[in-house]
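Structure record follows, encoded as structure tokens.
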Amino acid sequence: MKRLNLYSVLVLCCLLLAGCEIDNYEAPDCTVEGRIFDHLGQPFQVNQGAGIIRIREISWAKDSATYTSNRTLKVQQDGTYHNTKIFRGEYRLLPYSGAFFPYDDVNADNDDAGELVTVNGTATQDFTVTPYLTLEWVQKPAVDAEGYLNCSVRFTRNQKPGYEMPDLRQANLQVSRSINAGAADGNLFTTRMNITNDMEGTEIHFRTVIPLKYTGIDYWVRVAMNCQTAAGKPETNYPGMGAENFSTIEKIHVP
């Protein structure tokens, strides 16, 4: 019985070795990179690691009827993206499902939407989108004598030709002890503020609900606002509706 078991193990090992051929397919070694700008030419502010660039390889398909699935490229807070593990080929890149009006006015989000990019080495592709909102600082973040953080912003609603504007929804103050501003301390600003369309252009004040917990360190601060489908207008339910637009990130040091 022991001899039979040993024989069985040897046969199994031989089968496994026979099936383990060396993978000699070259690893992806190309780079695709670029930046997303808003309609004013400023870096488009997003959450760190936002997957708002859709990428679809079209050179892999054997014919025009072959379906190729989509992937996403991650974007950094300042709208830059950089991926160094891309196979050579042709791709369609589309900014999609972010806090901006649809990028491709003709093809929307179908298979032909976006920009055709040939990747062979390093390819650079920038995009310009029209965000729902533009946020600007009125009073930049500062800490008062009691240790509370105060700031204020105003927002502008944007409109892209051929599209209707959604309605405002909520605003949120984000205060983080990390350069990743999205990793905010939720105890410092616990309740989102309701925002309406008629608040456009007015100064909107924010204050942490408790004093900052730590001193002698840096904080990263920004304000986020989002929109929702306009009342009675379902056609304004664009991809990414509810995603947030942001102010720039301000770094402060609390002594």
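Applying the criterion of being assigned to a strand (DSSP E or B) and among the aliphatic types (A, V, I, L, M) to the residues of segment 61-79, the residue that is surrounded by the fewest Cβ atoms within 10 Å (Cβ to Cβ) is 73. Checked against (1) assigned to a loop (DSSP other than H, G, I, E, B); (2) at pLDDT 95 or above; (3) small (Gly, Ala, Ser); (4) in contact with a strand residue (DSSP E or B) (Cβ under 6 Å, 6 or more places away or on another chain), residue 171 passes all but a single condition, namely (1). Restricting 162, 232, 182, 147 to residues that are at pLDDT 95 or above, under 21 Å from residue 96 (Cα atoms) and among the small types (Gly, Ala, Ser) narrows the list to 162.
Scanning segment 93-138 for residues that are hydroxyl-bearing (Ser, Thr, Tyr), within 24 Å of residue 82 (Cβ to Cβ) and assigned to a loop (DSSP other than H, G, I, E, B) returns 96, 97, 103, 130.
Do we have residue 223 as open to solvent by less than 50 Å² (accessible area, probe 1.4 Å) and under 20 Å from residue 150 (Cβ atoms) here? When the stated conditions are applied, residue 223 passes them. Looking across 86, 53, 58, one residue alone is over 30 Å from residue 214 (Cβ atoms) and open to solvent by 30 Å² or more (accessible area, probe 1.4 Å). It is 58. Restricting attention to segment 139-159 and to residues that are without any contact (Cβ under 8 Å) to a residue 60 or more places away in the chain and in a loop (DSSP other than H, G, I, E, B), the residue that is farthest from the chain's Cα centre (by Cα) turns out to be 145.
The values are calculated or read from the model by the stated rules, or taken from the named source; none is laboratory data. The shown structure was predicted, so the numbers you read here are calculated from the model rather than taken from an experiment. Because the Cβ atoms are built from the backbone with ideal geometry, glycine has one as well, and the counts that use them run over all protein chains shown. Accessible surface areas use protein heavy atoms only, side chains included; no ligands, DNA or RNA. Shrake-Rupley method; radii C 1.70, N 1.55, O 1.52, S 1.80 Å.
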